[in-house]
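Shown next, in structure tokens, is the structure this report addresses.
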Amino acid sequence: MSLTDLIYLSQKSLRSNILRSVLTSLGIIIGVSSVITMISIGTGARLEVEQQIERFGSNNPCLIPGYGEFEGLKASIFLEVEGAGHYLPTYAGNLDIMTSAAMGTAQELIKLNS
């Protein structure tokens, strides 16, 4: 088959199944736009958190129980949770897991910077 035959065949198929073609195109457009929207929301939330951390300033002392008081130490911990979250027990919740991971990471950062 030549290229012109393939183009003719594809146009004929699109014309004969116009509703299916329109619905397929609409589904692709909605899917791509929803992915772009979710990525934009995540990026915006990340920037908002970074701005809030920057407003905290470096001259404010931060008291961390068991480690003492620190000044000028800023840490941003962003977690991306992937995988089978629906297999977790109902009492655990994603927030508990993220908080534990963030606390563990912060403690290791403090040990490295002390």
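The values are calculated or read from the model by the stated rules, or taken from the named source; none is laboratory data. This is a predicted model, so every value here is computed, not measured. Backbone-built Cβ (ideal geometry, glycine too); neighbour counts: all protein chains shown.
Out of Ser10, Ser58, Ser76, one residue alone is among the small types (Gly, Ala, Ser) and either closer than 19 Å to Ala102 by Cα or at pLDDT 90 or above (or both). It is Ser76. Cβ-Cβ distances below 8 Å connect no pair with a first residue in segment 16-37 that is surrounded by 10 or more Cβ atoms within 10 Å (Cβ to Cβ), a second residue that is part of a helix (DSSP H, G or I) and aromatic (Phe, Trp, Tyr), and a separation of six or more residues or different chains.
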